[in-house]
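The values are calculated or read from the model by the stated rules, or taken from the named source; none is laboratory data. From a predicted model like this one, the values you see are computed outputs, not experimental measurements. Neighbour counts run over all protein chains shown; Cβ positions are idealised from the backbone, glycine included.
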Amino acid sequence: MNVVFLGPPGAGKGTQAETISKKRNMEHVSTGDLLREAVQGGTATGMKAKKYMEKGLLVPDELVVDIVADRMSKGGHDSSFLLDGFPRNLAQAKALDQTLKGLGNKVDVVFYFAISEDMAVKRLTGRWLCSSCGANYHELYMPPEKAGICDKCGKPLGQRPDDKVETVKKRLKVYREQTAGLIDYYERKGVLKTIDAEQRAELIHESICKTLDTPSKEEIYDRV
Ligand SMILES: [Zn+2]
């Protein structure tokens, strides 16, 4: 079974991908990790990707799809994959389907982690850290006793530039633009499952497991 996790930064995909892939014995595929591996391994596609990465450019869709397909074709027919944050745009999704078809395979379920922009911003901008002692805080999950002050050493807390509201809003906007059309595409294929990503992590986990345990129509026909 091949599963895709789709959703903006801050939706909690990565955490779920780790626990679900371990629990269900699926291979967790993150394109960032795959690209790094391909570059380090010095494969032909890795070398091509390296040229773009060195220049700070986005690796072209076909190349990313090649690297993912390569990994999936090595897995054998019984392997299950969990694609985390891939495909990232419509072109990648179409190329992935094409490639999987060639391997006699397909995407079975796409989980869309739905979250409001406000909540994503709150989660992503809530991190504060103490530059004197290194203690970490989060406004929602681990707030300091006194706002803006370190519990451990009493020094003022700061934020990383990446965690600032403007930067986060820009990242979310880029994500929305890139993934436009992707949700419709999977919905039309009948494989989309929307998850309320504002719930507690345990509830998200449960609802994913429930869907994965429910056989698809095809599987029911297969059994008859
Ligand atoms: Zn401190």
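Structure notes:
- Whether a residue is more than 16 Å from the ligand (Cβ to nearest atom) and under 25 Å from residue 18 (Cα atoms) was assessed, and residue 164 does not pass this test.
- Residue among 190, 134, 158 that alone is within 16 Å of the ligand (Cβ to nearest atom), exposed (fewer than 11 other Cβ atoms within 10 Å of the Cβ) and at pLDDT 90 or above: 134
- Flag for residue 66 being closer than 23 Å to residue 178 by Cβ, in a helix (DSSP H, G or I) and modelled with pLDDT under 90: yes
- Selection within the stretch 139-151 - within 12 Å of the ligand (Cβ to nearest atom) and surrounded by 13 or more Cβ atoms within 10 Å (Cβ to Cβ): 144, 149, 150, 151
- Qualifying residue in the stretch 200-210 (condition: away from the ligand (no atom under 16 Å from the Cβ) and either over 16 Å from residue 12 (Cα atoms) or aromatic (Phe, Trp, Tyr) (or both)): yes
- Taken over the stretch 96-145, the criterion of being polar (S, T, N, Q) and touching a helix residue (DSSP H, G or I) at 6+ places or on another chain (Cβ under 9 Å) is satisfied by 98, 99, 105, 125.
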